[in-house]
Amino acid sequence: MIVCAGEGPPAIEVQGVDCSRKGKQILKDVTLTVPKGTVFGLLGPNGAGKTTLIRLIAGLAWPDAGRIRVAGEDASRRSVAFRRRIGLVPQENTLESELTVGGSLLAYARLYGVAHPKVRVREAARKYHLTGFLARRPEEISGGMRRRAVIARAAMTDPDVLLLDEPSVGLDPDLRQEIWALVRTLQRAGKTILLTTHYMEEAETLCGRIAFLREGRLLLVDTADGIRRRAGADSLEQAFLRLSREEEEA
Amino acid sequence: MSFLPVFQREMAMLVHRIGGLGYLFSGLLFPMIYLLAFGWGLGSRVEVAGGYVAYLAKGMLAIAVMMNGFQQTAISVSAARFYFRTFSVLRMSPVSDFGIVFGIALAGAVRALFAGAAIFLAAWLFFDVQLLSLPGLLGIVLTAFCFAAFGVAVGLSIRGQEQFSVIINFFITPMTFFCGSFFPIANLPSAVGKVVSLLPLAQTNALLQADGWDGGAVAALILLAVLTALAFAWGVVRMKRYQEF
């Protein structure tokens, strides 16, 4: 069990969370704290439990044990106030295939009770460079543009916390840079961002703190420099491999 | 009015889907075929008070509303969960569970009523069937909502698309044939008739066949309202317990 004390008041608190699915333990006694206004990275290989943890934090599923609080709200109660404070960007494209990009953003703004939803959609389109794509359907735009639209949609309602599940997976380097720029913009706007990734470079570039997750266990939470130092490694990748080996031997 | 944005979203998606001919005809084809085949083939030979074609037209109207209310809503919800993965958008939105279920069910009901209107138009054009009575109109509106709400509950309950056929084969199809759409329930063996009389489509047919507010129509309306409330409550409970890993 590893606790990150954090620099400021917590935006996300995960305490002793266990989660199993179909008889398989996915998360084991996970505890972490994400300070407000920071970018926090959950790093780990496929199957480490990153997406499950994101879904638990989003209130889409409940843990078997433990407690999760987001912006002071209990995730398992998933109250209306809780849901207003969270924006989720899942791995999959969740733009409705029957709607245009603009239609999807508008429907989302209405669901969140945004005042003047059409104006807000236009503003979001300008901010996230989607103006020329609002009339197109998701299948008519590139994967990167869809990703950008989903991020814009989640951020449009001004949530306190944004959960980004593998935001740049499958994107080419140029588009990945664009997504990174978006994440930085959101952080400058004061958002707390929890992102999952299996790209070491992404975690190092974007995240103030990084948690290593492997087979449902948190191995370590620290800054990129701190992780390298503690593992006596030159790179995050080396550090991850070394920590994994130590965990196996223990 | 928290259901309104959910309803608007569902209707916006429906408008797009209606453009696909497969979608439009899949819910209309069976009732239309039954209406035309049985109406032309048996219409003059079967003895039912008021004429068999008029009876059959109302039965097909009930079936069209049931199938479109239930099937299209359940498919829409389950596809959003398993295939498109867009259901999380609704689940995470700050709309109450009641509002989400009501919004989806209302859109499903509107869709079902459009399908019912198409069937009734065909019956009027081909067989000169008369307009519905007030109990019939109320019954058809309630039926549309009842089966759409049931569709939401089933769409949220099934663990895979394949489970959907279980509901169709063991619940919807028997109702189609035994609940008084093709022939009066009184023609069934007494024990079967008693069981069937409790099912929602039987209430719809009782209301559609009623000329006015007699005791049978009032009882059918009350029972249909109770079944609708139960289907809706089940949907809300499923929504409250909904998890997505």
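The values are calculated or read from the model by the stated rules, or taken from the named source; none is laboratory data. Fair warning: this is a prediction, and the values are worked out from it, not measured in the lab. Positions of Cβ are backbone-derived with ideal geometry, glycine not excepted, and every protein chain shown enters the neighbour counts. Heads up: the accessible areas ignore ligands, DNA and RNA and are worked out on the full protein's heavy atoms, side chains in. Shrake-Rupley method; radii C 1.70, N 1.55, O 1.52, S 1.80 Å.
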Filter on A:28/A:191; A:36/A:127; A:24/A:50; B:58/B:194; A:36/A:118; A:24/A:191 - keep pairs with C-alpha separation over 25 Å: A:28/A:191; A:36/A:118; A:24/A:191
Simple spin-label estimate for residue A:116 and residue B:173 in nanometres, 7 Å along Cα-Cβ: 5.6 nm
Nearest-0.05 FRET efficiency for residue A:205 and residue A:67, computed from C-beta distance (R0 30 Å): 0.45
Spin-label model distance (nm) - residue A:21 vs residue B:117, 7 Å beyond Cα toward Cβ: 4.2 nm
List A:165, A:222, ordered by accessible area with a 1.4 Å probe, largest first: A:222, A:165
Total accessible area lost when A and B pair, probe 1.4 Å, Å² to nearest 100: 2700 Å²
Antiparallel %, DSSP beta bridges [both residues in region A:62-220], to 5: 35 percent
Ordering of A:192-201, B:74-83 by burial proxy (mean other Cβ atoms within 10 Å per residue, highest first): A:192-201, B:74-83
Beta bridges per DSSP with both ends in the protein assembly as shown, % antiparallel, nearest 5: 55 percent
